[in-house]
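Structure first, then comments.
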Amino acid sequence: MNIHILFLLSVATIAQVSIVTAQPTPRVNILFCVADDAGHMSAYGVPWINTPAFDTVTRNGLLFNKKDPNCMVNLIQKKEYTCIKDRMEEEMTRRLLDQKDPRMYNKGDIFDKYPDTSEAHDFWHRIRNGERVPADWINISDFEEDFPQ
């Protein structure tokens, strides 16, 4: 019995000494940036979109841009996914028909006639044509001074 107690005391002592003398491991910060189209950032070479904070992060860390810079590889076009695509298409068609969706009866243009309540409707095309569109979610500093008009 004494040998067991001696063994446990030895293990406890070694564990305490190990904890006290161990060097702290530096913390690693990992930032995942998820976007619909990450290609629209100055870090990826787009000159007319200013993303200084993101650019700083990419300069001081890792920027994955070799395999698929815009994450736009369309997996559904690969042969191994044909079966899944076909099943999803069949289910979508069935559900839209069950709901009597106008698009299933060549009447999808009804959605184009809905009034748009947003003052920023068609924002991208309007601002590219030089119009000053009210957009409180965008700051003037978000654009480079030589933003193409």
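Throughout, read-outs are computed from the coordinates displayed, never taken from laboratory work. For clarity, every value in this text was computed on a predicted model and none was experimentally measured. Ideal geometry is used to build each Cβ from the backbone, glycine not excepted, and the neighbour counts take in all protein chains shown.
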Could you pull out every residue, at least 5 positions away or on a different chain, whose amide H is within less than 5 Å of the one on VAL46? Hs are placed 1.01 Å off N in the peptide plane, and Pro or chain starts have none. MET41
Name the residue from MET104, GLN77, PHE123 whose Cα lies farthest towards the positive end of the charge dipole of region 74-129, charges +1 on Cβ of Lys and Arg and -1 on Cβ of Asp and Glu. GLN77
